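Taking it in order: structure first as structure tokens, then the write-up.
The values are calculated or read from the model by the stated rules, or taken from the named source; none is laboratory data. Being a predicted model, the structure only gives us computed values, none of them experimental. Ideal geometry is used to build each Cβ from the backbone, glycine not excepted, and the neighbour counts take in all protein chains shown. For accessibility, only protein heavy atoms count, side chains too; no ligands or nucleic acids. Shrake-Rupley method; radii C 1.70, N 1.55, O 1.52, S 1.80 Å.
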Amino acid sequence: MVQKYTSPIRVYKYPFELVMAAYELRFPSCDMIPILAGTEILTDEKSDDGAVHVVERKCRLHVDAPYLLKKIMGVDFIYFRQKNSLDMRARTLHIEAWNESFASRVVINENCRYTVTTRPTWHAC
């Protein structure tokens, strides 16, 4: 069964550059995100001018399940891959993520995009 989910649009009231700097601080782990057990950088590429940064990571998440269930499943962690493409010139971040754990049984793909848009100018008539 295929399920598709579209999350609501969030509006940050901070500059894009500040939001991206805060986003980067969560790696390789973050005390404020306890489910994230750690990350390993697989590839890290930057353009010559530093404006485009592409990072691929292997992420390890704590399994939120009872001990006995984790032992039956044979896992302590769930693994997924993440590819982040940050373009500071265009002020966009595209995140692609997919599962590695149980990939033969369950396929999870996530696409997320952070962009900067200008607010429309409203004129009184």
- With a 1.4 Å probe and all protein chains in place, put Lys13, Lys71 in order of accessible area, largest first. Lys13, Lys71
- Item | Cα→Cβ-extended label distance, 7 Å offset, between Leu42 and Cys30, nm | 2.1 nm
- For the stretch 29-82, give the percent of accessible area contributed by carbon and sulfur heavy atoms, probe 1.4 Å, rounded to a whole number. 55 percent
- Answer with a single label: of (1) 1.40; (2) 1.30; (3) 2.17, which was calculated as Cα Rg over 2.2 N^0.38 Å from the structure in view? (2)
- Query: Given R₀ = 25 Å, FRET efficiency for Met88-Arg10 by Cβ-Cβ distance, to 0.05?
  - Reply: 0.80
- Message: Charges at C-beta only: +1 for Lys and Arg, -1 for Asp and Glu. How large is the resulting dipole of the chain about its Cα centre, in Debye rounded to 20?
- Response: 500 debye
- Using a simple spin-label model with points 7 Å from Cα along the Cα→Cβ vector, what separation in nm is obtained for Ala21 and Lys58? 3.2 nm
- Excluding ligands, DNA and RNA, what is the solvent-accessible area per residue of the stretch 29-81 at a probe of 1.4 Å, expressed in Å²? 69 Å²
- Specify the residue with the greatest mean-square fluctuation among Gly50, Gly38, Gly74, computed from a Gaussian network of the chain linking alpha-carbon atoms under 10 Å apart. Gly74
